[in-house]
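**Student:** Shown below is the structure under consideration.
The values are calculated or read from the model by the stated rules, or taken from the named source; none is laboratory data. None of these values were measured; they are calculated from a predicted model. A quick note on method: Cβ atoms are made from the backbone with ideal geometry, for glycine too, and the neighbour counts reach across all protein chains shown. These accessible areas exclude ligands, DNA and RNA; they are computed on the full protein's heavy atoms, side chains included. Shrake-Rupley method; radii C 1.70, N 1.55, O 1.52, S 1.80 Å.
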Amino acid sequence: TSAEGERLPAVRGEISVRDVVFAYPTALDRPACRGYSLEIEAGQTVALCGPSGSGKSTIIQLLERFYDPQDGAVLLDGCDLRELKLSWLRRQIGLVSQEPVLFSGTIFDNIAAGKGGGGDDNDSDKALATMEEVEAAAKLANAHTFITSSDFPDGYSTQVGEKGTQLSGGQKQRIAIARAIVR
């Protein structure tokens, strides 16, 4: 909740993970990363692949600053994440996991939530996304066609059920992708 930290005037999206050493607080004797380095250019698509325990989820958690490395650094456009304002940083990231989380409510609600205000001093009055923004994001996420199909007579007003139980796994992912795009 700290108000401290910088904001970059513009984000290109270049990510650098440099010689990161990290162990979870509950497993200090088993480092998840031992001198891990990775360079991702702005706009580049990257898949983190490897066996269980190889550090894939850890890198994502370091990027989101749920944790900081014990050694090394994670940078966004050349700036160490530890120097950035946390609420601002997290608004720059759109993450869609393999098992996305949807909220009870409508398809519209779930997509529009991506633009919701983050309680930040400059963004606390930010409104949810408009229908036009939601539809544009759904089209980019290849979700608009199934949302407007006869299987969903209520379209964007369709209730997804608790944790999205009324949707297939692929449909949930597409809704989560649209939410990230709206963000």
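**Student:** So is TYR67 of a type in the set (Phe, Trp, Tyr), over 30 Å from GLY35 (Cβ atoms) and touching a strand residue (DSSP E or B) at 6+ places or on another chain (Cβ under 8 Å) or not? Lay out the reasoning, then the answer.
**Tutor:** Numbers: of a type in the set (Phe, Trp, Tyr): yes; over 30 Å from GLY35 (Cβ atoms): no; touching a strand residue (DSSP E or B) at 6+ places or on another chain (Cβ under 8 Å): yes.
Here the answer is no, as TYR67 does not meet what is asked.
**Student:** Restricting the search to segment 158-183, which residues are open to solvent by 80 Å² or more (accessible area, probe 1.4 Å) and either part of a helix (DSSP H, G or I) or modelled with pLDDT of 95 or more (or both)?
**Tutor:** Those that are open to solvent by 80 Å² or more (accessible area, probe 1.4 Å) and either part of a helix (DSSP H, G or I) or modelled with pLDDT of 95 or more (or both): GLU162, LYS163, ARG174.
**Student:** Can you tell me which condition ASN110 does not meet? The list is (1) under 30 Å from GLN166 (Cβ atoms); (2) open to solvent by 20 Å² or more (accessible area, probe 1.4 Å); (3) at pLDDT 85 or above, and all the others hold.
**Tutor:** Evaluating ASN110 over (1) under 30 Å from GLN166 (Cβ atoms); (2) open to solvent by 20 Å² or more (accessible area, probe 1.4 Å); (3) at pLDDT 85 or above leaves (2) as the failure.
**Student:** Please determine whether any residue of segment 40-59 is acidic (Asp, Glu) and open to solvent by less than 40 Å² (accessible area, probe 1.4 Å). So that I can check it myself, show each step before the final result.
**Tutor:** Let us first name the residues in segment 40-59 that are acidic (Asp, Glu), namely 41.
Still in the list and also open to solvent by less than 40 Å² (accessible area, probe 1.4 Å): none.
Taking every residue of segment 40-59 in turn, none turns out to be acidic (Asp, Glu) and open to solvent by less than 40 Å² (accessible area, probe 1.4 Å).
**Student:** Then there's this: Could you please give the count of residues in segment 61-86 that are in contact (Cβ under 8 Å) with a residue 40 or more places away in the chain and under 13 Å from the mean Cα position of the chain (by Cα)?
**Tutor:** Number satisfying all stated conditions: 2.
**Student:** Determine whether GLY35 is touching a strand residue (DSSP E or B) at 6+ places or on another chain (Cβ under 9 Å) and more than 20 Å from ILE93 (Cα to Cα). Show your work before the answer.
**Tutor:** Details: touching a strand residue (DSSP E or B) at 6+ places or on another chain (Cβ under 9 Å): yes; more than 20 Å from ILE93 (Cα to Cα): yes.
Yes; evaluated as a whole, the condition is true for this residue.
**Student:** Right, next: May I ask you to say which residue of GLY35, GLY72, GLY13 is open to solvent by less than 80 Å² (accessible area, probe 1.4 Å), in a loop (DSSP other than H, G, I, E, B) and of a type outside the set (S, T, N, Q)? Before you say what the answer is, go through the steps one by one.
**Tutor:** Working: GLY35 fails: in a loop (DSSP other than H, G, I, E, B); GLY72 fails: in a loop (DSSP other than H, G, I, E, B).
From the options GLY35, GLY72, GLY13, the qualifying one is GLY13.
**Student:** Which condition number in (1) at pLDDT 90 or above; (2) in contact with a Lys or Arg (Cβ under 9 Å, 6 or more places away or on another chain); (3) more than 11 Å from ARG179 (Cβ to Cβ) is the one that GLY117 fails?
**Tutor:** (1)
**Student:** Looking at (1) surrounded by fewer than 17 Cβ atoms within 10 Å (Cβ to Cβ); (2) within 25 Å of LYS172 (Cα to Cα); (3) at pLDDT 90 or above, which one does ASP77 not meet, given that it meets all the others?
**Tutor:** Failing condition for ASP77: (2).
**Student:** May I ask you to list the residues in segment 141-157 that are open to solvent by less than 60 Å² (accessible area, probe 1.4 Å) and assigned to a helix (DSSP H, G or I)? First the steps, then the outcome.
**Tutor:** Going residue by residue through segment 141-157, those that are open to solvent by less than 60 Å² (accessible area, probe 1.4 Å) are 141, 143-144, 146-147, 149, 152, 155-156.
Selection gives HIS144, PHE146, ILE147, GLY155, TYR156.
This table checks each residue for (1) at pLDDT below 90; (2) under 30 Å from LYS172 (Cβ atoms); (3) more than 19 Å from the chain's Cα centre (by Cα).
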site: ARG18; (1), (2), (3): no, no, yes
site: VAL46; (1), (2), (3): yes, yes, no
site: CYS49; (1), (2), (3): yes, yes, no
site: ILE59; (1), (2), (3): no, yes, no
site: SER97; (1), (2), (3): yes, yes, no
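**Student:** I've got another one for you. Restricting to segment 88-97, and then to whatever is in contact (Cβ under 8 Å) with a residue 60 or more places away in the chain and of a type outside the set (A, V, I, L, M, F, W, C), can you tell me which residue is surrounded by the most Cβ atoms within 10 Å (Cβ to Cβ)?
**Tutor:** My answer is ARG91.
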